[in-house]
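K.L.:
Would you mind keeping the following structure in view while I ask a few things?
What follows is calculated from the coordinates using simple rules that are stated; it is not laboratory data. Owing to the predicted nature of the structure, the values given are computational and were not obtained by experimental measurement. For neighbour counting, all protein chains shown are included, and Cβ atoms are generated from backbone atoms with ideal geometry for every residue, glycine included.
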Amino acid sequence: MIWFNNLIAKVLPIVPKPIVGLFSNQYIAGETLDETIPKIKELIEQGMCVTMDLLGEEVKKKEDSLKAIETYLQILRVIDQENLDGNISVKPTQMGLKLDKEFCYNNIKTLVEEAKKFNNFVRIDIEDSSCIDDTIDIYLRLRKDFSNVGTALQSYMRRLPDDVNKLIPYKANLRLCKGAYYWETREVVYKDADIINDSYAYVLEKLLANGCYIGIATHDEKLVWEGIKVVDKLQLKPDQYEFQMLYGVDHELRRIIVNSGHRLRVYVPFGKEWFAYSIRRLKENPKMLNYIMKNTLKNLFGKNK
Ligand SMILES: Cc1cc2nc3c(=O)[nH]c(=O)nc-3n(C[C@H](O)[C@H](O)[C@H](O)COP(=O)(O)OP(=O)(O)OC[C@H]3O[C@@H](n4cnc5c(N)ncnc54)[C@H](O)[C@@H]3O)c2cc1C
């Protein structure tokens, strides 16, 4: 199916925005914080916790990063006031990484400092391969002074073992995911699904065995099983790891994990900048692809031709 995936990767960027919009609702909790909070309360009532992501990436102007920071500060206040079990996830390119690395570092530091006052936590998302060195560097600088910050790793990355060896001495707090940037080349990432899963399982065990706190972020039941297996093998306590899933994906698996007594955090994106995020989610949703392809072709070439 590699050819099919390649085809989808080529077609998706030209899918008309309204069609993406039709499906994005499933993955996005709301456009505003007010719309999003009730959805979060629902998840918490069902025994989950959350991480909140203000949509937006690759900002072109510093003022857009500063606006995003204002919203994140508001989120931290609301989480505290409403006593919600939640933290925040931020994208380095939304914090200005591609404009000025020091500016980005200071922006994330502002959030980590503020989160610390509220006894809260900041997760730095991991983006495409062009951002990884800087993201790990920013994380390690912050980690020296703060314990309430973490970042993420992708199991499809060929460089992963080196990054893991670099992060272990810091007892890093990490989210482990497969990786979402589908345009990465074969030189940079594994394309084979089995290798990506093996890499995930190998690194997960190594990180947990070395005392890192891991967010096991996946909807792949094989990897959820790998998580459960290693948690049992290492006799970990529930406060040494958590499972994580994206808002809008596989509610049944979510319930199963919670009912088995594991901590489960839902990644809840909200905001107006939904397009890039939705494209990544659609690429991963096997059921949507047919529908999107059909509608896109209809739209491009007209119904009656
Ligand atoms: C909490 C969380 C945070 C993440 N943070 C990052 C990050 O910082 N950086 C990054 O690069 N990636 C991130 N990702 C995305 C991740 O890298 C994968 O791209 C994504 O999770 C799909 O991989 P999977 O493990 O679910 O396995 P897959 O093999 O893609 O999916 C397994 C099964 O889950 C279901 N499924 C998966 N995705 C969808 C979907 N969108 N809609 C419907 N069903 C679906 C399907 O049934 C599929 O067969 C994150 C994922 C999670 C869960």
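K.L.:
Given the C-alpha centroids of the range 212-275 and the range 101-172, what is the distance between them in whole angstrom?
P.N.:
Their Cα centres are 20 Å away from one another.
K.L.:
Can you show me the helix-derived [θ] at 222 nm for the chain, built from DSSP H runs with n ≥ 4 at -39,500 (n - 2.57) apiece and divided by the number of residues, rounded to the nearest 500. Don't jump to the answer; show the numbers that get you there.
P.N.:
Working: 12 runs with 155 residues, N = 305.
Calculated from helices alone, the mean residue ellipticity at 222 nm is -16000 deg cm²/dmol.
K.L.:
Among residues other than residue 58 whose Cβ falls under 12 Å from its Cβ, what is the net charge (Lys/Arg +1, Asp/Glu -1)?
P.N.:
On the way: positive: 60, 61, 91, 98; negative: 57, 64, 127, 128, 273.
Taking every Cβ under 12 Å from that of residue 58, the sum is -1.
K.L.:
Run the numbers on the chain and let me know its relative contact order in percent, using alpha-carbon pairs under 8 Å that are six or more apart. Could the numbers behind the result be given before it?
P.N.:
Details: 441 pairs, mean separation 73.7, N = 305.
Result for the chain is 24 percent.
K.L.:
Need one number: % antiparallel among DSSP beta bridges in the range 29-273, to the nearest 5. Kindly include the intermediate steps, with their values, before the conclusion.
P.N.:
On the way: 1 of 32 bridges.
Roughly 5 percent of the DSSP beta bridges within the range 29-273 come out antiparallel.
K.L.:
Answer rounded, prolate or oblate for the chain, using the Cα gyration tensor with square roots of eigenvalues a ≥ b ≥ c: rounded when a/c is under 1.5, else prolate when a/b is larger than b/c, else oblate.
P.N.:
Values: a/c = 1.36, a/b = 1.20, b/c = 1.13.
Taking the square roots of the gyration eigenvalues as a ≥ b ≥ c, the chain is rounded.
K.L.:
Can you give the direction-averaged projected area of the convex hull of the alpha-carbon atoms in the range 38-167, in nm²? Walk me through the numbers on the way to the answer.
P.N.:
Numbers: hull surface 33.4 nm².
Here the figure is 8.4 nm², rounded to one decimal.
K.L.:
Next up: Distance cut-off 27 Å, Cα to Cα: go down the list 91/166; 191/287; 67/98; 222/272; 101/166 and report the pairs above it. Write out the running numbers ahead of the final one.
P.N.:
Numbers: 91/166 21 Å; 191/287 21 Å; 67/98 17 Å; 222/272 34 Å; 101/166 20 Å.
Pairs exceeding 27 Å: 222/272.
K.L.:
Which whole-Hz ³J(HN,Hα) couplings does the range 176-188 yield from phi under the Karplus relation 6.51 cos²θ - 1.76 cosθ + 1.60, θ = phi - 60°, glycine and proline marked x?
P.N.:
For the range 176-188, the Karplus curve yields 10, 10, 7, x, 10, 8, 6, 8, 4, 8, 5, 4, 9 Hz.
K.L.:
So for the range 1-134, averaging the separation of alpha carbon pairs under 8 Å that are six or more residues apart and normalising by length, what relative contact order in percent results? Walk me through the numbers on the way to the answer.
P.N.:
Values: 128 pairs, mean separation 28.2, N = 134.
It rounds to 21 percent for the range 1-134.
K.L.:
Still on this structure, please answer the following. Where the convex hull is taken over the Cα atoms of the range 150-257, what is its projected area averaged over directions, in nm²? Can you show the working numbers first?
P.N.:
On the way: hull surface 27.4 nm².
For the range 150-257, the mean projected area of the Cα convex hull comes to 6.8 nm².
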